[in-house]
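As structure tokens, the structure follows; a few thoughts come after it.
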Amino acid sequence: MPLVRKLDVDLWEVRVRLKDRIARVLFTIDASEAIRTGSDFESFLAEDGQLEATTAVAIKRVLAWQIAAAMKDANVSQAELARRMKTSRAVIHRLLDADDPSVTLSTISRAATALGKSVRVQFAGT
């Protein structure tokens, strides 16, 4: 399982142990867009068959962090967000669980709307 951790303000690290080495990438968030730094991390993960899983976990961890930050800025509790979204606190808990990549775009969009935000999804070139 990949390690995704926040190193500093808007600086994140993704690290995965491969068979004979460790692959690592640092990235930052600038105007809601991930900017990758470092070597060709994707090729390491692709060789080991972990690219899709690692990418999903990394994206979910950043989303969970952004939603939690928006909640804190708006002084909104999990219970209040659930009320605004007309859903259960269990759904909010899964939404904020950085290790659960199974959240839907619909749930993300509803959370953003409930927090006065919007969602932008785009494909990035490789």
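Here are the numbers for this structure:
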read-out: First in segment 90-112 and more than 20 Å from GLU52 (Cα to Cα), second anywhere and of a type in the set (Val, Ile, Thr) and buried (at least 17 other Cβ atoms within 10 Å of the Cβ), Cβ under 6 Å, 6 or more apart; value: ALA111/ILE67
read-out: Within segment 1-42, strands (runs of 3 or more DSSP E) holding 1 or more residues that are small (Gly, Ala, Ser) and at pLDDT 75 or above; value: 22-30
read-out: Near pairs, Cβ below 6 angstrom, 6+ apart or cross-chain, from segment 1-18 (free of Cβ contacts under 8 Å to residues at least 24 places away in the same chain and on the phi > 0 side of the Ramachandran plot) to any residue that is of a type outside the set (Phe, Trp, Tyr) and in a strand (DSSP E or B); value: ASP10/THR28; ASP10/ILE29
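Conditions (1) assigned to a loop (DSSP other than H, G, I, E, B); (2) at pLDDT 95 or above; (3) closer than 21 Å to VAL57 by Cβ; (4) among the hydroxyl-bearing types (Ser, Thr, Tyr), marked per residue:
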| position | (1), (2), (3), (4) |
| --- | --- |
| LYS72 | no, yes, no, no |
| ARG83 | no, yes, no, no |
| ASP100 | yes, no, yes, no |
| VAL103 | yes, no, yes, no |
| SER106 | no, no, yes, yes |
| VAL121 | yes, no, yes, no |
| ALA124 | yes, no, yes, no |
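For (1) in contact with a strand residue (DSSP E or B) (Cβ under 9 Å, 6 or more places away or on another chain); (2) of a type outside the set (A, V, I, L, M); (3) surrounded by fewer than 16 Cβ atoms within 10 Å (Cβ to Cβ); (4) within 21 Å of VAL4 (Cα to Cα), each residue gets a yes or a no:
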site	(1), (2), (3), (4)
TRP65	yes, yes, no, yes
LEU81	no, no, no, no
ARG89	no, yes, yes, no
SER102	no, yes, yes, yes
SER106	no, yes, yes, no
GLY116	no, yes, yes, no
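The values are calculated or read from the model by the stated rules, or taken from the named source; none is laboratory data. Please read these numbers as outputs of a predicted model, since none were measured by experiment. Cβ coordinates were reconstructed from backbone atoms using ideal geometry, including for glycine residues, and neighbour counts include every protein chain displayed.
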